[in-house]
Amino acid sequence: MIITLDSCKDLNDNELVIRSLENLDYFSCLFLRYEPELLRYIQRISGIDTEESQDILQESFIKIWRNLNEFDKSLKLSSWIYRIVHNETVSFIRKKKSFGKDNILNVELYRNILREDDEPVDDKEERINNTVGVLDHLPFKYKEVLILKFLERKSYEEISDILKIPEGTVAIRINRAKKVFRKLAEKS
Amino acid sequence: MDNSTKLIEKIKEQQVKPISRWRFTFKNSVFWLIFIFCVLFGALAFSVILFSIQQVDFSIIGHIYHSWKEFVLAMIPLFWVISLVVLLVIAIFSIKNSKKGYKFTSPALIGFGTALSMLAGTVFFITGGGKWLENTFATHVTQYESIQDRKSEVWSMPENGTLSGIILSAGDETFELEDFKGKTWLVNYSDAEMASSVELMDGEMIKMTGMMTSDKTFEADKIRPWGGHQRRYHGGMNNK
């Protein structure tokens with residue numbers, strides 16, 4: 001049976017999980033629903049190319065399938081999926097022992113941080129566009145929260161569920177990460 | 001072949017099956033059981049600590065030691081304090097690994113676990129759980145140095161001004177005392193300050209501070225019942 005994205009567009013995430021457990025083909029819908037944003041997330045956090053990101057995503061979804069019964073309906077499915085993809089990406093980076101570089105991210109991130117802090121972006125446009133390599137100099141624990149908050153637009157609760165850390169810790173970490181990022185960006 | 005079809009093919013080819021729900025439930029329950037078990041045993045350890053504190057007569061022992069630090073180190077039931085800490089660490093580790101454990105900060109979990117153990121420990125202590133556990137260990141674990149053993153050591157140093165034991169016979173100004181090592185002493189208590197709960201009669205277990213005047217004589221300056229404030233003990237060490 002071929003299940004297209006169209007045929008499951010009326011199903012919410014939880015219904016899709018139940019259907020998938022009954023019929024594996026529905027699992028492809030889940031994959032298709034999250035594929036673009038997760039691929040983008042893997043690339044943002046690791047800086048690796050599309051082909052390797054695809055491999056990580058495939059491996060992550062095999063893990064998601066194996067652990068599908070563990071999914072806790074009190075969580076958002078997206079947070080749970082992000083958690084698995086995040087962990088898979090981190091272990092890939094650890095094996096590879098290197099991050100890719102993506103300077104476009106720095107520009108986008110800096111702009112979003114300034115907007116969040118209600119600071120005018122136009123005045124600093126030149127500085128923003130010249131922000132290079134700041135993320136590469138940040139500790140990974142800062143980089144991951146900044147990406148989740150300012151690029152993936154996740155809430156504190158979602159970040160807490162993805163990284164498995166308390167919400168208070170998320171808030172503190174984001175605040176510190178923002179300060180370090182801005183300091184480095186202003187120097188660069 | 002698109003990526004979703006590739007994924008489904010891979011799952012089928014590798015025959016990957018979802019792990020059953022009960023295994024996850026079981027794993028989570030184990031973490032919670034370890035937490036409950038550790039908090040309860042931590043509570044028992046805390047009740048023994050309370051019991052040991054109750055056994056110390058702070059009002060008169062303080063002057064024997066050069067400092068409070070030295071005194072605390074001598075009297076602290078290290079075994080139970082270490083047990084309590086280890087059990088709390090295991091309890092916090094297990095709850096952190098449970099499904100929703102990551103939502104709590106470590107200080108919150110430490111505070112919660114400690115408060116729970118202290119609360120339940122106080123209840124155990126009031127209901128006699130601490131004394132029972134201490135006695136059970138003292139009876140069945142040979143390497144274990146009981147609180148009473150430690151207490152009798154502290155109170156059996158006549159050269160340092162402490163003496164304890166059972167009264168054999170009492171006169172107007174002196175009484176005969178057999179210490180816990182079986183040695184007989186003649187104690188002069190004419191100038192001693194005596195707790196109202198002490199009755200100088202045969203078989204009474206007491207402890208005292210004072211000064212050793214010779215190999216077999218002691219001059220008491222403060223006398224208390226062996227059991228601490230208002231707690232009289234009569235007979236042999238089995239009654240402790």
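Please treat every number below as a calculation from the coordinates, not as lab data. Remember, predicted model here, so these are calculated numbers, not experimental data. Here Cβ is always computed from backbone atoms with ideal geometry, including for glycine, and neighbour counts include all displayed protein chains.
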**OP:** Could you tell me what % of all Cα pairs in the protein assembly as shown have separations over 28 Å?
**Re:** 66 percent
**OP:** Could you work out how far helix A:77-96 tilts from the main Cα principal axis of chain A, as a 0 to 90 degree angle to the nearest 10?
**Re:** 70 degrees
**OP:** Relative to the longest principal axis of the C-alpha atoms of chain A, give the angle of the C-alpha long axis of helix A:50-66, reported between 0 and 90° and rounded to the nearest 10°.
**Re:** 50 degrees
Original post:
Highest GNM mean-square fluctuation, chain A, Cα pairs closer than 10 Å: which of A:THR89, A:THR131, A:THR50?
Top reply: A:THR50
Original post:
Using 0.36 nm per residue, how much length does the chain from B:GLU176 to B:ILE126 gain when fully extended, once their Cα-Cα distance is taken away?
Top reply: 14.5 nm
Subject >> Gaussian network model of chain A, springs between alpha carbon atoms under 10 Å - residue of A:ILE172, A:ILE42, A:ILE147 with greatest fluctuation >> reply: A:ILE172
Original post:
Check B:THR174: other-chain or 5+ apart residues with amide H under 5 Å from its amide H, H built from backbone geometry?
Top reply: B:TYR189
**OP:** Sort A:163-170, B:5-12, B:166-173 for me by packing, meaning the mean count of neighbouring Cβ atoms within 10 Å per residue, highest on top.
**Re:** A:163-170, B:5-12, B:166-173
Original post:
Considering chain A as a Gaussian network with a 10 Å cut-off on Cα pairs, which listed residue, A:GLU51, A:GLU59, A:GLU152, attains the greatest mean-square fluctuation?
Top reply: A:GLU51
Subject >> Per-residue HN-Hα couplings for the range B:3-13 [Karplus 6.51, -1.76, 1.60; θ = phi - 60°; Hz; x = Gly/Pro] >> reply: 5, 5, 5, 4, 5, 4, 4, 4, 4, 5, 5
Subject >> Rounded tilt (10° steps) of A:27-46 against the dominant C-alpha axis of chain A >> reply: 20 degrees
Original post:
Across peptide B:4-17, how many C-beta atoms of other chains are within 10 Å of each residue C-beta, on average?
Top reply: 5
Original post:
Cα gyration tensor of the range B:155-239, axes a ≥ b ≥ c as square roots of the eigenvalues: rounded (a/c below 1.5), prolate (a/b > b/c) or oblate?
Top reply: rounded
**OP:** Might you report the magnitude of the Cβ-based charge dipole of the range A:58-188 about its Cα centre, with Lys and Arg at +1 and Asp and Glu at -1, to the nearest 20 debye?
**Re:** 680 debye
Subject >> Residue-wise HN-Hα coupling along the range B:24-29, computed from phi with Karplus coefficients 6.51, -1.76, 1.60 (Hz; x: Gly, Pro) >> reply: 5, 5, 4, 4, 5, 5
Original post:
Looking only at other chains, what is the average number of their beta-carbon atoms within 10 angstrom of each beta-carbon in A:59-71?
Top reply: 4
Original post:
Could you list log10 I(q)/I(0) for the range A:1-103 at q = 0.24 Å⁻¹, which the Debye formula gives when each Cα is one point scatterer?
Top reply: -1.29
**OP:** Return a whole-number percent for the relative contact order of chain A, with Cα pairs under 8 Å and 6 or more residues apart as the contact set.
**Re:** 19 percent
Subject >> Segment B:LYS10-B:GLU193, extension gain: residue separation times 0.36 nm, minus the distance between their alpha carbons >> reply: 57.1 nm
Subject >> Rg/Rh for the range B:84-240, where both radii come from Cα atoms and Rh is the Kirkwood radius >> reply: 1.19
Subject >> Calculated from backbone phi, Karplus (6.51, -1.76, 1.60) coupling profile of the range B:39-47 in Hz, x at Gly/Pro >> reply: 5, 5, 5, x, 5, 5, 4, 5, 5
Subject >> Gyration tensor (alpha-carbon) shape descriptor, the range A:103-187, a/c threshold 1.5 >> reply: prolate
Original post:
Which of A:LYS154/B:LYS99; A:LYS187/B:LYS103; A:LYS124/A:LYS164; B:LYS27/B:LYS131; A:LYS76/A:LYS187; A:LYS124/B:LYS96 have a Cα-Cα distance over 32 Å?
Top reply: A:LYS187/B:LYS103; A:LYS124/A:LYS164; B:LYS27/B:LYS131; A:LYS76/A:LYS187; A:LYS124/B:LYS96
